[in-house]
Amino acid sequence: MQSKNLLDTRKGRLSTFGLLYVSEGIPYGFTSVAMVTIMRTADISLEQIGMFVAALFLPWSFKWAWAPLIDLIKLYRFGGRKAWIMGCLVMMIITLLITATVDFVEHFQLLLAMVVLNNFFCSTQDVAIDSLAVSTLKEDERAAGNGYMFGGQYSGIAAGGGGAVFVYGFWGFEMALVFVSFMLFLCLLFTWFFVKDPFADAARHEHSENLLAEFAGTLKAFVIELYSSFLQSGRGPKLGLLFSMMPIGAMVLAYAALTTIQVDYGLTELQIARLSVFNTVGAAAGCVVGGILADRFGIRKMLGIYYILTALPGLVLAAQISSVGLTAISSDVLHGTVVAHGLLYGMCFGAHAAIFMGLTNPAVAATQFTAFMAMSNLAVSYTNYWQGVVAERIDYAMVLYVDAALMIVPLMILPFIRSREEELALATSS
């Protein structure tokens, strides 16, 4: 009996890409939330933790360098992009097991190397999933698809982050590791049984007498198309590349600083786990809602509104820290600002990714879209680094104030970005 391919239907496509992105969120949640919590409770400095999270994002920032391999090396004989996804999942499990057993106090540099390697496979899997999504999602599924994908990623972060901390608080680190590895194994089984690259069979029986010449020709055409897509397609892709390197709204309450704030506030592991789950579930809901609203009322307009809104919870928290100090803040204020920011930050993601999909040339979709998203992860990487330095040397309030101010730069660029359809309409009318 042939296994069902969920990519054959609209509901199947949306749910499949949402679930595939869960597998990306699980290891990220474990490293950026669970391991950061454990490291901070072991008195690892904020600067080192900022360096750790920055290292986590480095492969995501440079995945554009190897993304063309997935466009050029199809692996049709082994299932196409499904083979890439499954192979990366296996390596994610293996490297995560090794990473989590490193003594981060004695061998911090080794820990950094392992987290980079783990995220190399995570980011490569992401490229393969995005390539499959670009090929199979219909035009009217773009916003919803991105909403489900990033909603799934946040759900994975909730499970791998807060869920793992919860297990750690009750049964220790080894069981938390088993919990995370088991969830990734379930994602592997789902991909094996229910996901099929629809283009693998169509091309499986195509042969060439001169494979080297065919590959050289394909590579040449690919490079020409990619160059044209970025530099000869109007101002949209150029401004989009600049925009992708800017902060995604206010970011302090979304990454490592959020976890260290909770530890320094005095929350226990179980309290951090509970708040992390609420926060990431709120962010997952925000992804879906934000994508739907942006599709209805305009992507650029709604994304600008989302950016501004993400600064409000942080400014409230900064004012409280400046007034009474971090540890004297009401727990209701801390929980409320964290969850509110999670919801609003999640709303940014569906619209943010849709901006870049609108700028991407379908002929080189995976590589060009990967380049945009890689630069977005570079922004996350350098943001985590400077936040750790400023928090260590000044305080969290200053981090929150500076974070809100930096958001002005991408807001100034956003109104001038035009999609490929808008560029084409403009060229046709002139």
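The values are calculated or read from the model by the stated rules, or taken from the named source; none is laboratory data. Only a predicted model underlies this, so the values are computations on that prediction, with no experimental measurement involved. Please note: Cβ atoms are built from the backbone with ideal geometry, for glycine as well, and neighbour counts cover all protein chains shown.
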| Subset of segment 384-430 [of a type in the set (Gly, Ala, Ser) and either in a helix (DSSP H, G or I) or touching a Cys at 6+ places or on another chain (Cβ under 6 Å) (or both)] | Gly388, Ala391, Ala397, Ala404, Ala405, Ala425, Ala427, Ser429
| query | Only one of Gly388, Gly350, Gly346 is in contact (Cβ under 8 Å) with a residue 12 or more places away in the chain and touching an Asp or Glu at 6+ places or on another chain (Cβ under 7 Å); which? | reply | Gly388
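For segment 369-428, what are the residues that are hydroxyl-bearing (Ser, Thr, Tyr), farther than 27 Å from Trp64 by Cβ and surrounded by 15 or more Cβ atoms within 10 Å (Cβ to Cβ)? Lay out the reasoning, then the answer.
From segment 369-428, those hydroxyl-bearing (Ser, Thr, Tyr) are 370, 376, 381-383, 385, 396, 401, 419, 428; that's our starting set.
Pick out the ones that are also farther than 27 Å from Trp64 by Cβ and you get 396, 401, 428.
Matches in segment 369-428: Tyr396, Tyr401.
Taking the conditions exactly as written (out of contact with any helix residue (DSSP H, G or I) (no Cβ under 6 Å at 6 or more places or on another chain) and at pLDDT 85 or above), does Lys82 satisfy them or not? Before the answer, list the steps.
Values: out of contact with any helix residue (DSSP H, G or I) (no Cβ under 6 Å at 6 or more places or on another chain): yes; at pLDDT 85 or above: yes.
Taking the combined requirement at face value, the residue satisfies it.
For residues in segment 100-156 being of a type in the set (Ser, Thr, Tyr) and at pLDDT 85 or above, which is farthest from Asp71 (Cα to Cα)? First the steps, then the outcome.
Within segment 100-156, the subset of a type in the set (Ser, Thr, Tyr) is 101, 123-124, 131, 135-136, 148, 154-155.
Okay, now just the ones that are also at pLDDT 85 or above, so 123-124, 148, 155.
Numbers: Ser123: 15, Thr124: 12, Tyr148: 24, Ser155: 28 Å.
This residue is Ser155.
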| said: On the basis of being at pLDDT below 85 and acidic (Asp, Glu), does Glu47 make the cut? | reply: yes
| Where Thr268 falls short, out of the listed (1) of a type in the set (Ser, Thr, Tyr); (2) within 19 Å of Gly342 (Cα to Cα); (3) surrounded by fewer than 21 Cβ atoms within 10 Å (Cβ to Cβ) | (2)
| Subset of segment 28-54 [among the aliphatic types (A, V, I, L, M) and not in a helix (DSSP H, G or I)] | Ala42, Ile44
| Among the candidates Arg300, Arg274, residue that is basic (Lys, Arg), more than 22 Å from Ile248 (Cβ to Cβ) and either free of Cβ contacts under 8 Å to residues at least 60 places away in the same chain or surrounded by fewer than 19 Cβ atoms within 10 Å (Cβ to Cβ) (or both) | Arg274
| request: Within segment 17-52, track down each residue that is under 23 Å from Asn279 (Cα atoms) and hydroxyl-bearing (Ser, Thr, Tyr). | output: Tyr21, Ser23, Tyr28, Thr31, Ser32, Thr37, Thr41
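I'd like to check something: does segment 193-208 contain any residue that is at pLDDT 55 or above, acidic (Asp, Glu) and in a helix (DSSP H, G or I)?
Taking segment 193-208 and keeping what is at pLDDT 55 or above, we get 193-202.
Then drop every residue that is not acidic (Asp, Glu), which leaves 197, 201.
In the following step, the residues that additionally are in a helix (DSSP H, G or I) were identified as 201.
Yes: segment 193-208 contains one or more residues that are at pLDDT 55 or above, acidic (Asp, Glu) and in a helix (DSSP H, G or I).
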| task | Report, by residue number, each residue of segment 40-95 that is over 30 Å from Glu106 (Cβ atoms) and among the basic types (Lys, Arg). | result | Lys63, Lys74, Arg77, Arg81, Lys82
| So Val53, is it within 23 Å of Gln387 (Cβ to Cβ), buried (at least 18 other Cβ atoms within 10 Å of the Cβ) and of a type in the set (A, V, I, L, M) | yes
| request: Evaluate segment 117-129: report whether one residue or more is within 23 Å of Gly25 (Cα to Cα), of a type in the set (A, V, I, L, M, F, W, C) and in contact with a Leu (Cβ under 7 Å, 6 or more places away or on another chain). | output: yes
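Which fully enclosed helices (runs of 4 or more DSSP H) of segment 229-332 have 3 or more residues being closer than 30 Å to Val167 by Cα, modelled with pLDDT under 90 and of a type in the set (Val, Ile, Thr)? Steps first, answer last, please.
Values: elements: 235-244, 256-265, 269-297, 299-324.
Fully inside segment 229-332 and qualifying: 256-265, 269-297.
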